[in-house]
1. Hey, rough spin-label estimate for THR37 and THR56, points 7 angstrom out along Cα→Cβ, what's it come to in nanometres?
2. What FRET efficiency comes out for GLU453 versus ALA196 if R0 is 60 angstrom and r is the Cβ-Cβ distance? Round to the nearest 0.05.
3. Taking a point 7 angstrom from the Cα of THR492 along the C-beta vector, which residues in the stretch 498-516 have backbone N less than 19 Å away?
4. Could you put TYR269, TYR462 in order, starting from the residue whose Cβ has the fewest other Cβ atoms within 10 Å?
5. Which whole-number percent gives the relative contact order of the stretch 230-285, counting Cα pairs below 8 Å spaced six or more residues apart?
6. In what sequence, highest mean first, do 211-217, 194-200 appear when ranked by Cβ atoms within 10 angstrom?
7. Can you give me the distance in nm between label points at ASP65 and ARG371, each placed 7 Å from the Cα along the Cα-to-Cβ direction?
8. For MET153 and VAL119, what does the FRET efficiency come to when R0 = 56 Å and r is the distance between their Cβ atoms, rounded to the nearest 0.05?
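Each reported figure results from applying straightforward, stated rules to the coordinates on display, with no laboratory input. On a predicted model such as this, the values are computed, not experimentally measured, just so you know. Note that we place each Cβ from the backbone using ideal geometry, even for glycine, and neighbour counts take in every protein chain shown.
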Amino acid sequence: MIHLSCIKQIQGFLLIILTFVISASSDVPRPRGVSLTKASLYSPTKDFTCFDGTSTIPFSYVNDDYCDCFDGSDEPGTSACLNGVFHCTNAGHQSLNIPSSRVNDGVCDCCDGTDEYTVPDACPNICEQLGKEARIKAQQLAELHKAGSVVRMELIEKGNKKRSEMADQLTQLEKDKQEALQIKQEKERLKSEVEAKENAALQVYRDAEEKERQRKAEIEKQQLEKEGRDLFAKYDSNQDGKLSVDEIKVVNVFDKNKDGEVDTEELQYFLGEGESVEVEEFLSKTWPLVKPLIMLEQGMFKASEPEEASEHEEEEEHFQHEEVDDMGAEEENVDEEQPDVEEIELEKDEDNSKTYDEETQRIIDEATEARKQFTDAERAVREIESNIRTYQESLEKDYGLQQEYATLDGQCLEYEDKEYIYKLCLFQKVTQKSKNGGMEVGLGNWGEWAGEEGNKYSVMKYTNGIACWNGPNRMTTVEISCGMETKLMSVTEPFRCEYRIELMTPAACDESYQARQSSHDEL
Ligand code: MAN
């Protein structure tokens, strides 16, 4: 019986022959799937040590279709290890590393066909053709970068000019602000000066008004007292200078709850514990309680008179004979109050068209003008400050290493797809508007440059857009590449409410693009 390890050794030997025959065309013989840079790690005269150093195996175990190393480094040319890497040289085009699991899986991954070696001719070598096409494309791209760089230089020049102009304007604005602040201060001083004069002049009028108010109040007070005295005299039917319980009982207005009689409780309310009340006590204690009731009755009758006249008549018939007397008194009161209403109207009129003496009016006009001038001066300062902020914000923005993006700030570009019109205002915001109408939706405001290290200015991020329904705020990533003009190439929404814009602009063109590419290819 042949030992298992013996079979493995024979298999390995055959594979080595196969491996080195296949690789014989390249300069350095190496196992299948190994790159030139790693060739020295696979020496047929030595045992093979896995890249992670975990074990050393006979060289014949390399590419024997059995995974010995944890890192898959012993099987670069077979699909035995899940984590192995297969390298295709792709002579004539670009070399490529693919997961070794794709080796012999029936799909051509390498243009030289080396990943599918079990079925000869399954994957013909098309590297020359692909390489040629790629070289043409690369050449075109290099030319685009070169031509675009000319425009980029102009952008840089304009950008620097714009920024230095802005810096100058900012300096000027700072000066303007100082001047405007001085004017404001002066206007404020003038305003308070004139306002003090105005206040003094108006005080004369205020004092006069107060005096008038007091005079009227005094008249009112006297009228009220007279009314009280008259009523007292009327209710004091035996004219003995006292209002007794019997006299009160027949006056309907003392029937607070309108149940048809003045009961003990009501008597107590108006008279207190006493049996009668004299005029002075009546005026100080009873009259203030009776007056509101009279007014209330007047009010009630007045309010319901137009529509419910008939009901009133019925009610009136219902009342006792004193009611008629009361009504008479009330009517008198209404008559007495009539002039008051007119007075109020007059006062209102006076308020609306208050006239002052010529000098006071002149001072008021002067103060009005001073207030206006102060407000204007204040506004001027605010406007300058707002301009300063705008300039400062702009000067603080990162417009690229050479200010190549500076002139693009505020430039708006549109892109239409089937459903939406997208608008990118560079360094400001991104919006989306449905073609079926509706509100513009904010997809993000200027955030930051977000390209990878060494390529920071290739990606812009616009964040904090309108919140997505049941989700985060919308945001947009703008990927920038070189083009002869600044325009949007595509807008997509790869994830819900996360948008991706492809932007072309000469600002992204690189005059040393070609040199950089070739040095990169050499690596
Ligand atoms: C709107 C648009 C879409 C977005 C949905 C999310 O229809 O902004 O782009 O996906 O809202 O609800």
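1. So the label points at THR37 and THR56 sit 2.6 nm apart.
2. Calculated value: 0.35.
3. 498-505
4. Ordered from fewest to most neighbouring Cβ atoms within 10 Å, TYR269, TYR462 come out as TYR269, TYR462.
5. 33 percent
6. 194-200, 211-217
7. Taking the simple label geometry, ASP65 and ARG371 are separated by 10.0 nm.
8. The pair MET153/VAL119 has a calculated efficiency of 0.55.
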